[in-house]
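Here the structure is laid out as structure tokens; the discussion comes afterwards.
The values are calculated or read from the model by the stated rules, or taken from the named source; none is laboratory data. Keep in mind that this is a model prediction, so the values were computed, not measured. Methodologically, a virtual Cβ is constructed for each residue, glycine included, from the backbone with ideal geometry; neighbour enumeration extends over all protein chains shown. Heavy atoms of the whole protein, side chains included, go into the accessibility calculation; ligands, DNA and RNA do not. Shrake-Rupley method; radii C 1.70, N 1.55, O 1.52, S 1.80 Å.
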Amino acid sequence: MKEFKNKVALITGAGNGFGFEIAKECAARGMKLALNDIDKKDLEIASEALRKEGAEVLTLHADVTIPEEVDKMVDRTIDTFGQIDFLVNNAGVAISGPVWELPLQDWEWIVSANIMSQVYAMKKVIPLMLKQNTECHILNVASVAGLITSNGMPAYHTTKHASVALTESTSFDLQAIGSKIKLSVF
């Protein structure tokens, strides 16, 4: 994407950290913002700060580990703005502990938050972007943990490596059909 003014950015995990910083950059470029976070208080604070700077903001409190909530989040964005041009899959969690000690429930949660949330959002948004037939972009946040590994965080590294593979493979699929959608991983 080269043009940003009046385009729509849907950003998960936008209540703080990278998500909020990306939202600020999108707002500075004149984009309309659909901001999601599971933490309602952080989401409201971030949204209000961006509104004070003149941004048009839709606040979307949703748990992106639940496919139905992702669907509702995307539907509300489309109902409000009519399009999604930039999807940022930023929401995620970090859990430490060796594989033999980490409870299966924690494994399931981190896989849902760090990889399945990206799958749910892309599965819902890519068909919309294809229908728009305009230059669009998807950014999946993986961190350096998607490229390297270290001790003590096998669940985190596993999901972040999966995010890199998901992004690259989806990019190849979209290129194969001549799509105007570009993907990158952060």
| message | Of all residues being aromatic (Phe, Trp, Tyr) and touching a residue at least 12 places away in the same chain (Cβ under 8 Å) in the stretch 98-111, which is least open to solvent (accessible area, probe 1.4 Å)? Just the residue, please. | response | Trp107
| Going through the stretch 67-76 one residue at a time, which ones are in contact with a helix residue (DSSP H, G or I) (Cβ under 9 Å, 6 or more places away or on another chain) and touching a residue at least 24 places away in the same chain (Cβ under 8 Å)? | Pro67, Val70, Asp71, Met73, Val74
| field | Output for the stretch 34-45, where each listed residue is aliphatic (A, V, I, L, M), closer than 13 Å to Phe20 by Cα and under 16 Å from the mean Cα position of the chain (by Cα) | value | Ala34, Leu35, Leu43
| task | Keeping to the stretch 142-178, report how many residues are at positive phi and touching a residue at least 40 places away in the same chain (Cβ under 8 Å). | result | 2
| task | Only residues that are touching a strand residue (DSSP E or B) at 6+ places or on another chain (Cβ under 6 Å) and over 30 Å from Gly97 (Cβ atoms): list them for the stretch 127-169, please. | result | Met129, Cys136, His137, Ile138
| said: If a residue must be open to solvent by less than 40 Å² (accessible area, probe 1.4 Å) and free of Cβ contacts under 8 Å to residues at least 24 places away in the same chain, how many such residues does the stretch 112-141 contain? | reply: 0
| query | When you go through Ile84, Ile78, Ile95, Ile177 one by one, which is the residue that is of a type outside the set (Phe, Trp, Tyr) and buried (at least 21 other Cβ atoms within 10 Å of the Cβ)? | reply | Ile84
| request: Would you tally the residues in the stretch 16-49 being open to solvent by 10 Å² or more (accessible area, probe 1.4 Å) and either in a helix (DSSP H, G or I) or small (Gly, Ala, Ser) (or both)? | output: 17
